[in-house]
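Trainee: Have a look at this one before I ask anything.
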Amino acid sequence: MRTLDRYLLREILPPFFLALGVFTFILDIIPILDVASQFLAKGVPLPTVAKLLVWLLPSALGLTLPMAFLTGLLIALGRLSGDREAMAMLACGISPLRLFRPVLIAGLGAGLLTLYVMIWLLPDCNQRFTGIVWRLLTEQTEHDIKPGRFYEGFPGKVLYLQSSSPVDGWSGVFVADTSQPGRPSVAMAERGQLFLNRDRRQVVLSLFEVNQYVPGADPRVYDIGRTASSEPLTFTIPAADVFPGTAHGYPEMSIAELRESIAAEARAGQSGRNQYFYWQQKFSFPVACLVFALLALPIGLHTRKEGRLAGLVVGLGIVCVYYAIMKIAESATKGNLLPPVWARWVPNLVLGPVGVAALWWRARASGVDFAWLGWLSRFAGGRGRGPEHTARSRPAGNTAARATRWTPLRLLDAYVGGKYLRILALAFFGLLALYYIGAVLDLSDKVFKQQATMQSVIRYLWYSTPQFVTFVVPMATLVAVLSTIGGLTRTSELTVMRACGVSLYRASAPLIGFALIWSGLLFGLEEHVLA
């Protein structure tokens, strides 16, 4: 491997892992905390909860790996362009097609890793997670259902036993059913037993020789019925209602399980399109890494000084376009305009040729005509004037004397504040888009099952925006301050300010002022809008 290839790969890997950690944290933290709180509320030991949460992490990696690869690649290329290294490479005759080789190697690596997660790691971790949950469910029901005590662990049910035997099962069983609001029913049985159906993921409560009291036409008057000893009264309770994590959704299924589910729906006269979606995305998401590699190289070479955060925002924008095309393809599938087997491949088929054309155009531009490089140099020379230019054009003594005065607004404040606001806007909209993506992905299953419409999802996002803003503003402020100070330090502008007599406290005054403004806005938002 050549030195240039190793250099570019080393530039790509750190932002890739950083973006992977951030995206996985943001998309997975709320579901993981919800599951953890439910387990802890049911008395599950903390080490067991931690082990369960580890098995939940791969559920987000299939989505975040392609996103992190695209974002990391754009951040790395943005850093090269921001430091004019990319311009130097192109000026030395290195074609973008030559730069594409290490990018393609990184894309293949990310695609293979995504393929491993989608096909092998995710189903395996799901099986391990489900196995632990079913063991906990069995142990808890055996431990908590005791004779002489009321048990309320089943939603909408209250259970009481007079006695229990390992051989004969339960005797003297009382069950109050409150699942129908305003119409509670009572069942009193001579015998009963509990069965956990792992295949159907159900808790089955069977009662024998039952006297059942059910409200009739008048809710105040109950009808009495009795079942024969050979005809049990059965209550079926979804295991997911009893214990979180027992539901086995399509994303966690293996390819064989998805094919079996498609065959079962075909026998029932249904299309099985949702299973097709998740089956094909096990392969289309890894291929998306290669498509993102095609798009990132010509786009990343345009990023200038704000390269890192601009790469984050551009990457999230491409991801939003990718998922928007995917949702359009799903709608076309529901309207019988597109076979379900192709729905997940449409974004790759649309964006792939765009990436090839952009890469060809960039290679042709760099190989035939370098005028755009001269324009970029003139652009950098004309606009890259910071405090150094000001210091050269004025006597140092006057600059120092004027800079040390605490006036309301100075050129220094405008310069530092402008850099800060540009970075803040990039970080804010990038992180906000990430929250929107996570919310849409969480609600997509409800849209598939026709439990919600796209209009209701849009209204949900609209009313969730204030909550998202309260999450994003502190993080965006931290990122903007660190990036602004880091940029001033890297370009030695902060050193120039100190040499001219500007203290660090005076240079940071606009950052503190903006922080106070954001604090006031957040207070007003939580006081008057959020509730």
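The values are calculated or read from the model by the stated rules, or taken from the named source; none is laboratory data. This one's a predicted model, so the numbers in the text were calculated from it and none came from an experiment. Every residue, glycine among them, receives a Cβ derived from its backbone with ideal geometry; neighbour counts consider all protein chains shown. For the accessible areas, the whole protein counts, side chains as well, though only heavy atoms, and no ligand, DNA or RNA atoms are used. Shrake-Rupley method; radii C 1.70, N 1.55, O 1.52, S 1.80 Å.
Trainee: Can you tell me how many residues in segment 163-194 are surrounded by 12 or more Cβ atoms within 10 Å (Cβ to Cβ) and not in a loop (DSSP other than H, G, I, E, B)?
Mentor: 21
Trainee: Further question: Mind listing whichever residues of segment 491-531 are of a type in the set (Ser, Thr, Tyr) and in a helix (DSSP H, G or I)?
Mentor: Once the filter is applied, which keeps residues that are of a type in the set (Ser, Thr, Tyr) and in a helix (DSSP H, G or I), segment 491-531 yields Thr495, Tyr505, Ser519.
Trainee: Further question: Does Ile299 count as of a type outside the set (Phe, Trp, Tyr), farther than 18 Å from Ile75 by Cβ, modelled with pLDDT under 85 and part of a helix (DSSP H, G or I)?
Mentor: no
Trainee: Identify the residue in segment 359-370 that is in a helix (DSSP H, G or I) and surrounded by fewer than 18 Cβ atoms within 10 Å (Cβ to Cβ) and, among all such residues, is modelled with the lowest pLDDT.
Mentor: The extreme case among them is Val368.
Trainee: Additional query: Search segment 494-505 for residues that are within 15 Å of Arg410 (Cα to Cα) and pair each with any residue that is open to solvent by 40 Å² or more (accessible area, probe 1.4 Å) and assigned to a loop (DSSP other than H, G, I, E, B) when their beta-carbon atoms are under 6 Å apart and the residues are at least 6 apart or on different chains.
Mentor: The qualifying pairs are Gly501/Thr404.
Trainee: Taking the criterion of being within 30 Å of Gly78 (Cα to Cα), open to solvent by 70 Å² or more (accessible area, probe 1.4 Å) and of a type in the set (D, E, K, R), would at least one residue in segment 491-508 satisfy it?
Mentor: For segment 491-508, residues within 30 Å of Gly78 (Cα to Cα), open to solvent by 70 Å² or more (accessible area, probe 1.4 Å) and of a type in the set (D, E, K, R): present.
Trainee: For segment 454-472, indicate whether the set of residues that are open to solvent by less than 40 Å² (accessible area, probe 1.4 Å), within 30 Å of Ile328 (Cβ to Cβ) and among the polar types (S, T, N, Q) is non-empty.
Mentor: yes
Trainee: Are any residues in segment 311-356 of a type in the set (Gly, Ala, Ser), open to solvent by less than 20 Å² (accessible area, probe 1.4 Å) and within 21 Å of Gly438 (Cα to Cα), and if so, which ones?
Mentor: Gly311, Gly315, Ala329, Ala343
Trainee: So, one more: Between residues in segment 1-23 that are more than 26 Å from Leu316 (Cβ to Cβ) and residues that are modelled with pLDDT under 85 and outside any helix (DSSP H, G or I), which pairs lie under 9 Å by C-beta distance while being six or more apart or on different chains?
Mentor: These pairs meet every condition: Leu4/Ile94.
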